[in-house]
1. How large is the direction-averaged shadow of the alpha-carbon convex hull of the chain, in nm²?
2. Quick one: what are the phi-derived ³J(HN,Hα) couplings along the range 79-86, Karplus 6.51/-1.76/1.60 with θ = phi - 60°, whole Hz, x for glycine and proline?
3. In whole Hz, with x marking every Gly and Pro, tabulate ³J(HN,Hα) for the range 59-65 from phi via Karplus 6.51 cos²θ - 1.76 cosθ + 1.60, θ = phi - 60°.
4. Are there chymotrypsin sites (Phe, Trp or Tyr not before Pro) in the range 53-96 that DSSP marks as loop and that have at most 13 other Cβ atoms within 10 Å, and which are they?
5. Using a Gaussian network for the chain with springs between C-alpha atoms less than 10 Å apart, which of these wobbles most: N11, N39, N85?
6. To the nearest 20 Debye, how big is the dipole of the chain about its Cα centre, given +1 on the beta carbon of each Lys and Arg and -1 on that of each Asp and Glu?
7. Please list, by residue number, every one of the trypsin sites (Lys or Arg not before Pro) in the range 29-105 that is coil in DSSP and has at most 15 other beta-carbon atoms within 10 Å.
8. Springs between alpha-carbon pairs under 10 angstrom, Gaussian network model over the chain: which of Q50, Q34, Q13 fluctuates most?
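Values in this text are rule-based calculations from the coordinates and carry no lab data. For clarity, every value in this text was computed on a predicted model and none was experimentally measured. Glycine also receives a Cβ, built like all others from the backbone with ideal geometry; neighbour counts cover every protein chain displayed.
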Amino acid sequence: MDTLHYRSENNPQSKAKIHEVMHELDLLDIWRQQHPFDNRYSWRGPNHKQSRLDYFMITSDIEAFVVSSDIGISYRSDHSPVLINLKFSSQIRGKGTWKFNNSLF
């Protein structure tokens, strides 16, 4: 969806379909949400073409647990990893239930 050095948009129908599915399934592109103005790409091709082909799509109920997102450094590949850091420790836990193991009698 994000591109650099492309003369024309590659496939507008595919882009529209991705947005449609994201809307239907209530998915967020968390990296774009956290980095609305960054021009970073996860794929590098010949002739300095770049695109953000790799995504972390999440539902809105997980968004509160996302601490950060990043596009990592590519090693031996034309793709870079898309990373998210989640923190679930703020989730409220109940007392739980303790039960004696009867087989110990």
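1. Details: hull surface 46.8 nm².
If I average the Cα hull's projected area over directions, I get 11.7 nm².
2. 10, 9, x, 9, 10, 10, 10, 10
3. Result, ordered by residue: 8, 5, 6, 8, 3, 5, 8 Hz.
4. Working: sites: Y55, F56, F65, Y75, F88; in loops: Y55, F56, Y75, F88.
The qualifying sites are Y75, F88.
5. The residue that fluctuates most here is N11.
6. On the way: 13 positive and 12 negative charges, 78 e Å.
The calculated dipole for the chain is roughly 380 debye.
7. On the way: sites: R32, R40, R44, K49, R52, R76, K87, R93, K95, K99; in loops: R40, K49, R52, R76, K87, R93, K95, K99.
For trypsin sites (Lys or Arg not before Pro) across the range 29-105 that sit outside H, G, I, E and B with at most 15 neighbouring Cβ atoms in 10 Å, the list reads R40, K49, R76, K87, R93, K95, K99.
8. The residue that fluctuates most here is Q13.
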